[in-house]
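The values are calculated or read from the model by the stated rules, or taken from the named source; none is laboratory data. Keep in mind that what you see is a predicted model, and the values were worked out from it rather than measured. Ideal geometry is used to build each Cβ from the backbone, glycine not excepted, and the neighbour counts take in all protein chains shown. Heads up: the accessible areas ignore ligands, DNA and RNA and are worked out on the full protein's heavy atoms, side chains in. Shrake-Rupley method; radii C 1.70, N 1.55, O 1.52, S 1.80 Å.
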Amino acid sequence: MATFSGSETVKLIVPDVEAPQLTFGRKICFAIGGATSALTNTVIAFFLPIFLLEVAEVAPLYVSVIVFSGRVWDAITDPMIGYLCSRTHSKRWGQLRPWLFFSIAPMAATYIGLWLVPSFSNVGSKVVYYLCMYCGFQTALSAYHVPYTALTMHLSTKSKERDSATAYRMTTELACTLLAAIVQGVILSAMVTKPECIDGDEAKPWLRDEVGVSACRTDRGSSLSQ
């Protein structure tokens, strides 16, 4: 047994605990989990305001309120979900699996509901509907994505393996971001038809003014023309 005096400084270098390397298949499976947030967030960021304006016929002011409120709510739910995950201790499911499994259904339901047009005649009811769908989706997405990213620390005891898995995840998310923007843009471009001009009285309520305008209607919405 070695003894050291108080004046001596001892540096202990603790190497990574030996653990099997992550296989290529496991890294790919882990990376695919990041496609969810990349695809949905890209589509929402690019096309939700357009959908609300042109298809759901929500006034621009309310569209801004919906989008802004959803982003603020997302900033609140992320740390909240992180705190709840740290206090989750399930003997059967573990710490992160319950959040990953049980967030999928509400996330899918609210995302689909976000792209539906309710048959509400009242403007306020329609705004409340989309606000609930958007905030609900952001909550479910946080309940999935926060524990998913925290799962990185449980993949391996080797920092090199964790860094490699993170690189796979970020590459997949980047590819899905580009894919979502391109594919969704192509779909929308294929649906555009030649504009048909209509009188101002037939235009959407928030397109009218006191002077009177004419609006050119397409399958995806209306645009002003003098």
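I'm checking my understanding of the structure. Among residues of the range 29-54 that are open to solvent by 70 Å² or more (accessible area, probe 1.4 Å) and more than 15 Å from the chain's Cα centre (by Cα), which one is modelled with the highest pLDDT? Explain how you work it out, then say what you get.
Initially, the range 29-54 is screened for residues open to solvent by 70 Å² or more (accessible area, probe 1.4 Å), giving 29, 32, 45-46, 50.
If we keep only those that are more than 15 Å from the chain's Cα centre (by Cα) as well, we get 29, 50.
On the way: Cys29: 91, Ile50: 88.
Per the criteria, the residue is Cys29.
Within the range 136-180, the set of residues being open to solvent by less than 30 Å² (accessible area, probe 1.4 Å) and farther than 26 Å from Leu22 by Cα comprises Gly136, Phe137, Gln138, Ala140, Leu141, Ser142, Ala180. Among the conditions (1) at pLDDT below 90; (2) open to solvent by less than 70 Å² (accessible area, probe 1.4 Å); (3) assigned to a helix (DSSP H, G or I), Ser69 misses just one, which is (1). The residues in the range 85-101 that are in a helix (DSSP H, G or I) and loosely packed, with under 14 Cβ neighbours inside 10 Å can be counted, and the count is 2.
Name every residue in the range 167-182 that is over 16 Å from Arg26 (Cβ atoms) and among the polar types (S, T, N, Q), in order of residue number. Listed by number, the list holds a single entry, Thr177.
Remark: pairs (first residue in the range 156-170, closer than 20 Å to Ala35 by Cα; second residue open to solvent by 40 Å² or more (accessible area, probe 1.4 Å) and β-branched (Val, Ile, Thr); Cβ separation under 8 Å; 6+ apart in sequence or on different chains) = Tyr168/Ile28. Looking only at residues in the range 102-140 that are at pLDDT below 90 and assigned to a helix (DSSP H, G or I), the one that is nearest to Arg71 (Cα to Cα) is Gly124.
Apart from one condition, Thr177 fits all of (1) out of contact with any Lys or Arg (no Cβ under 8 Å at 6 or more places or on another chain); (2) outside any helix (DSSP H, G or I); (3) of a type in the set (S, T, N, Q); the exception is (2). Looking at the structure I just gave you, is Val63 in a loop (DSSP other than H, G, I, E, B), at pLDDT 90 or above, surrounded by 17 or more Cβ atoms within 10 Å (Cβ to Cβ) and among the aliphatic types (A, V, I, L, M)? It is false that Val63 is in a loop (DSSP other than H, G, I, E, B), at pLDDT 90 or above, surrounded by 17 or more Cβ atoms within 10 Å (Cβ to Cβ) and among the aliphatic types (A, V, I, L, M). Cβ separations smaller than 7 Å between residues 6+ apart or across chains give the following pairs from the range 111-122 residues that are without any contact (Cβ under 8 Å) to a residue 60 or more places away in the chain to residues that are surrounded by 14 or more Cβ atoms within 10 Å (Cβ to Cβ): Gly113/Met133; Pro118/Lys126; Pro118/Tyr129; Phe120/Lys126; Phe120/Tyr129.
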